[in-house]
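Peer 1: My structure is below; once you've seen it, I'll send some questions.
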Amino acid sequence: MKFQLAINLERMDDTYAMRDVADHTIEMVQMAEAGGFTTVWAAEHHALEMTIAPNPFQILTWWAGHTEKIRLGTGVAVAAYWHPLNLAGEAAFLDLVSGGRLEFGIGSGAYQREFDRMHPGLLQSDAWRYMQEMIPVLKELWFGDYEHDGEFWSFPTSTSVPKPVQQPHPPIWVAARSPITFDYAVKNSCNVMSWPITRSFAEAELYKSQFDDALKNYPEVVRPTFAMMRHTAVYESQDEWMVPVEAAQRQLSQFENLFKNLGDVSNGFPKTIPLEEVDNRDEYEPYMLKENLMFGTPDEVIAKLQKYEALGVDEFIYYASLGLGHEEQKRSMDLFCSEVIPAFA
């Protein structure tokens, strides 16, 4: 099993200076590269301090200038927020200046609040249709001249300028949780990234079964890569387990606000929703978080990861952004690189 990193520029409140957040993020990326991670992912979100990512290509270009070999992924570009020509050119330019290191991830988007601002009138639940129209258009633009007259975009003959270094195009990844998206990804030879959020290992098994079903539907397709993401924190002593749990509860209370459109956002900071008030409150119980998330001592994390490897997960995505302090995040990364990754060499 290989390892990837997902990390955001993240401020849970205004006690963190933006410069410190940026410096911490690049340090984590460099630690991941030195420690053997294959890929680092940057998200796309708008007007939110908990995920500062107005343009993932800009973030990845910045990381490219401070790294040498780690691959650079959009995790993910939100299809409905882009015009195909714009997206194709931005992605190809990053592939060019990074020396062919782009992993192109695309998805439907997460929060209705963002759609209300970035694409007014579009329901998040309908955004997958934009992604499914976008992917074949991008492939055509990266190949050469192409004219498009679709449901969501129309344009006369055009092409991507520049063209990507990787041919015929960079690896394409799709963020998937539903059977229809797994099916589309496999049919179109896209790699898959999935995220069970805080749910149990049974959710991971469900996603793998959906992936396997899609493979059976398209036996002629070469098997894509299957990756899975979990919040991750490694610590030296078992009695430290509540530190990442409490951080995750705080961050996830803001996530619940955004995911369900439950409360206000003030100056970019989402209101903290009391977890005991949400219908799925059981998903945030401390012992459940400790068990389901990739929290633990090195030996505990190795044992958890072995279950994912046995399930058939090709690459594990270490999600570092969970409201944890910067020093705790760096110590976790150091332990993961020095004591966990060698167990999967």
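Any read-out appearing in this document is the output of simple, stated calculations on the displayed coordinates, not a laboratory observation. Here the structure is a predicted model, which is why all the values come from computation and not from measurement. Positions of Cβ are generated from backbone atoms using ideal geometry, with glycine treated the same way; all protein chains shown enter the neighbour counts.
Peer 1: Excluding residues fewer than 8 places away in the same chain, name every one of the aspartates and glutamates whose C-alpha is closer than 12 Å to that of K69.
Peer 2: E33
Peer 1: Here's another thing I want to ask about it. Arrange the peptides 119-128, 55-64 so that the one whose residues have, on average, the most other Cβ atoms within 10 Å appears first.
Peer 2: Order by mean packing, descending: 55-64, 119-128.
Peer 1: Would you mind checking the pairs K187/K208; K208/K290; K2/K307 and listing those with alpha carbons more than 19 angstrom apart?
Peer 2: K208/K290
Peer 1: Taking the Cβ of each residue in I197, I180 as the centre, tally the other Cβ atoms inside 10 Å and list the residues starting with the fewest.
Peer 2: I180, I197
Peer 1: Counting only helical runs of four or more DSSP H residues, what would the 222 nm mean residue ellipticity of the chain come to if each run contributes -39,500 (n - 2.57) and the total is spread over all its residues?
Peer 2: The helix-only estimate for the chain comes to -13000 deg cm²/dmol at 222 nm.
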